[in-house]
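Engineer: The following block contains the structure, expressed as structure tokens.
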Amino acid sequence: MKVVVVDYGSGNLRSCAKAFERAATEQNIQADIIVSGDPKDVSSADRIVLPGVGAFADCRAGLDGVPGLVDAMVNAVIKNAKPFFGICVGMQLMADVGREFGDSQGLGWIAGEVVAIKPTNKELKIPHMGWNNLKIKNTHPLLAGIAADGHAYFVHSFQFVASDEKNVVAEVEYGGPISAIIAKDNMVGTQFHPEKSQGLGLKIIANFLSWKP
Amino acid sequence: MLKSRIIPCLDVEGGRVVKGVNFVDLVDAGDPVEQARVYDAAGADELTFLDITASHENRDTIFEVVNKTAEQCFMPLTVGGGVRTTDDIRKLLLAGADKASINTAAVTNPEFVKEAAEKFGSQCIVVAIDAKTVAPGKFEIFTHGGREATGIDAVAWARRMAEYGAGEILLTSMDRDGTGKGFNIELTRAISDAVPVPVIASGGVGTLDHLVEGVLGGHASAVLAASIFHFGTFTITEAKKYMNDHGVPMRLDGI
């Protein structure tokens, strides 16, 4: 199985790839984890991982900056229904629009928008940074073996507000509910960083690698 | 809800772990990668490496340490010490660090923080502030391991760094560091209450009550300690349970 971690100049891809390698090894899953920004690799991938840190607009510009990359992703994920995993801003990019430093277009794969976190409690710090416990809203194969109320590592100032709540698999509480896991068809995304969430994160990655949507 | 974090810190020199008392009398005590693995298994919420390597030729050793650690530890990793250019940050992130901590370079060139935050995102830029109480309710920034006064007001400085894009402030109570007498709580609270970003309290932890005070009295989002864990006075697990039992909600998964 060929798993491509999409390299478009955003974030720490090495630790992401290492976490996927570890999760595969622990669960005896045969997987070649490849970090690549080559559209050909995306086209031939069995599974696609889109990481992303920083600003929504920068990440979108980064994706668009690689000729043919978005087309290859759309072809693989939408047309050929390959399992897709977006992480942090990689998840947010599935939305219709990101409203960070002006509006920028998302991939439009899961209906919703990405907006600033505005906690009702003014004492809460932004970014939402650290370990927060997941509240499961809808069952999903990604959550197999994950303890209720398990903690994941978050660091973000913007949140994915999904138009259809059935696409929200899990939330966290931070001055109001925030989407933690979003899913639709063959696509999943986590606002938190599974590659930084120790045992829980590795389990979610392993679940993705064995997921048959 | 979001939990408070406990962050063990490893001081690294030439690829080896050391921990100083008031930044002198260093004791060599182990392999950083092994130490990191122990802390990871014990449920540390994050890990920080502080590279105190002075000589230029040994500076690259930290990249190897970060590289090996990132292969084995799947938790957030911050690296500080000698971060002066965006190229330093890029190399650390590529090696596997999640955040880079800027200290002296922020004081000598505040615009560097802005540049770094714009280039890499605020989420990976920590500004380390070393401060002392200089008069009642008055706190000042010090550099060079606490030896050189700068005349800069710590609260105003922290606000400015947050405005420049620091995603987090690592605040060390320089009048307490290495003493085991606890954080400078007044200082910690003054900074935590002044900035919109999370503050990590550091410097002076000797007991588990000090960790609790850092959050409840100092309003810190996270507490950092080195000696109490490194020399086995307390384990991470003990510290997390103690804090959780004393009014500071902590992540207790898997411990």
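Engineer: If I ask for residues that are within 12 Å of chain A (Cβ to nearest Cβ) and crowded, with 24+ Cβ neighbours inside 10 Å, which ones from the range B:80-95 would you list?
Structural biologist: B:I89, B:L92
Engineer: Residues that are closer than 25 Å to B:V126 by Cα, at least 3 per element: which strands (runs of 3 or more DSSP E) completely within the range A:43-160 meet that?
Structural biologist: On the way: elements: A:47-50, A:84-87, A:97-99, A:103-105, A:112-116, A:128-133, A:151-156.
Where strands (runs of 3 or more DSSP E) fall fully within the range A:43-160 and carry at least 3 residues being closer than 25 Å to B:V126 by Cα, they are A:112-116, A:128-133, A:151-156.
Engineer: Among (1) within 16 Å of A:L202 (Cα to Cα); (2) at pLDDT 95 or above, which single condition is A:G130 missing?
Structural biologist: Result: A:G130 fails condition (1) only.
Here's the yes/no breakdown for (1) surrounded by fewer than 17 Cβ atoms within 10 Å (Cβ to Cβ); (2) modelled with pLDDT under 95; (3) within 12 Å of another protein chain (Cβ to nearest Cβ):
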{"site": "A:D7", "(1), (2), (3)": "no, yes, yes"}
{"site": "A:N12", "(1), (2), (3)": "no, yes, yes"}
{"site": "A:D32", "(1), (2), (3)": "yes, no, no"}
{"site": "A:A45", "(1), (2), (3)": "no, no, no"}
{"site": "A:V53", "(1), (2), (3)": "no, yes, yes"}
{"site": "A:D58", "(1), (2), (3)": "no, yes, yes"}
{"site": "A:A72", "(1), (2), (3)": "no, no, no"}
{"site": "A:K82", "(1), (2), (3)": "no, no, no"}
{"site": "A:I87", "(1), (2), (3)": "no, no, no"}
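Engineer: Kindly list the number of the only condition in (1) surrounded by 19 or more Cβ atoms within 10 Å (Cβ to Cβ); (2) within 19 Å of B:K138 (Cα to Cα) that fails for B:V212.
Structural biologist: All conditions are met except number (2).
Engineer: So, one more: Of all residues in the range B:82-94, which are in contact with a Ser or Thr (Cβ under 9 Å, 6 or more places away or on another chain) and modelled with pLDDT of 90 or more?
Structural biologist: Listed by number, the residues that qualify are B:V83, B:R84.
Engineer: Go through the range A:89-108 and count every residue that is crowded, with 22+ Cβ neighbours inside 10 Å and either in contact (Cβ under 8 Å) with a residue 60 or more places away in the chain or among the hydroxyl-bearing types (S, T, Y) (or both).
Structural biologist: Residues that pass the stated criteria total 7.
Engineer: Any residue at all in the range B:47-70 that's hydroxyl-bearing (S, T, Y), surrounded by 24 or more Cβ atoms within 10 Å (Cβ to Cβ) and in contact with a Lys or Arg (Cβ under 6 Å, 6 or more places away or on another chain)?
Structural biologist: Just the residues of the range B:47-70 that are hydroxyl-bearing (S, T, Y), to begin with: B:48, B:53, B:55, B:61, B:69.
Subsequent filtering for residues that are surrounded by 24 or more Cβ atoms within 10 Å (Cβ to Cβ) retains B:48, B:69.
Narrowing further to those that are in contact with a Lys or Arg (Cβ under 6 Å, 6 or more places away or on another chain): none.
Checked against the condition, which is being hydroxyl-bearing (S, T, Y), surrounded by 24 or more Cβ atoms within 10 Å (Cβ to Cβ) and in contact with a Lys or Arg (Cβ under 6 Å, 6 or more places away or on another chain), the range B:47-70 yields no hits at all.
Engineer: Quickly run through the range A:139-189 and pick out the residues that are away from chain B (no Cβ under 14 Å), among the polar types (S, T, N, Q) and under 30 Å from B:L77 (Cβ atoms).
Structural biologist: First, pick out the residues of the range A:139-189 that are away from chain B (no Cβ under 14 Å): A:139-144, A:160-170, A:179, A:181-189.
Still in the list and also among the polar types (S, T, N, Q): A:139, A:163, A:167, A:179, A:186.
If the condition is that a residue be away from chain B (no Cβ under 14 Å), among the polar types (S, T, N, Q) and under 30 Å from B:L77 (Cβ atoms), then A:S179 is the only one that fits.
Engineer: Next question, about the same structure. Among the residues of the range B:166-186, which ones are more than 14 Å from chain A (Cβ to nearest Cβ), out of contact with any Lys or Arg (no Cβ under 8 Å at 6 or more places or on another chain) and not charged (D, E, K, R)? Steps first, answer last, please.
Structural biologist: The first filter runs over the range B:166-186 and keeps only residues more than 14 Å from chain A (Cβ to nearest Cβ), leaving B:172-186.
Among the residues that remain, those that are also out of contact with any Lys or Arg (no Cβ under 8 Å at 6 or more places or on another chain) are: B:172, B:176-181, B:185-186.
Hits for the range B:166-186 are B:T172, B:G178, B:T179, B:G180, B:I185.
Engineer: So B:A149 passes all but one of these: (1) buried (at least 21 other Cβ atoms within 10 Å of the Cβ); (2) modelled with pLDDT under 95. Which condition number does it fail?
Structural biologist: The one condition B:A149 does not meet is (1).
Engineer: For the range A:110-131, indicate whether the set of residues that are in contact (Cβ under 8 Å) with a residue 60 or more places away in the chain, more than 11 Å from chain B (Cβ to nearest Cβ) and of a type in the set (S, T, N, Q) is non-empty.
Structural biologist: For the range A:110-131, residues in contact (Cβ under 8 Å) with a residue 60 or more places away in the chain, more than 11 Å from chain B (Cβ to nearest Cβ) and of a type in the set (S, T, N, Q): absent.
Engineer: In the range B:20-47, which residue that is away from chain A (no Cβ under 14 Å) and closer than 30 Å to A:H193 by Cα is modelled with the lowest pLDDT?
Structural biologist: We begin by selecting, within the range B:20-47, every residue away from chain A (no Cβ under 14 Å); these are B:20-32, B:34-35.
Checking which are closer than 30 Å to A:H193 by Cα leaves us with B:30-32, B:34-35.
Values: B:G30: 73, B:D31: 80, B:P32: 86, B:E34: 84, B:Q35: 84.
Among those residues, the one meeting the criterion is B:G30.
Engineer: Would you point out which residue out of A:P127, A:P177, A:P194, A:P141 is surrounded by 18 or more Cβ atoms within 10 Å (Cβ to Cβ) and either touching a Lys or Arg at 6+ places or on another chain (Cβ under 9 Å) or farther than 21 Å from B:M250 by Cα (or both)?
Structural biologist: Just one listed residue meets the conditions, A:P194.
Engineer: Six or more apart or on different chains, Cβ under 7 Å: which pairs go from a residue in the range B:187-215 that's more than 10 Å from chain A (Cβ to nearest Cβ) to one that's part of a helix (DSSP H, G or I) and aromatic (F, W, Y)? Could you list them?
Structural biologist: Partner pairs satisfying both residue conditions: B:L208/B:Y242.
Engineer: From (1) surrounded by fewer than 21 Cβ atoms within 10 Å (Cβ to Cβ); (2) of a type in the set (D, E, K, R); (3) within 16 Å of the chain's Cα centre (by Cα), pick out the condition that doesn't hold for A:K118.
Structural biologist: Failed condition: (3).
The values are calculated or read from the model by the stated rules, or taken from the named source; none is laboratory data. For clarity, every value in this text was computed on a predicted model and none was experimentally measured. Heads up, the Cβs are rebuilt from the backbone with ideal geometry, glycines too, and the neighbour counts pull from every protein chain shown.
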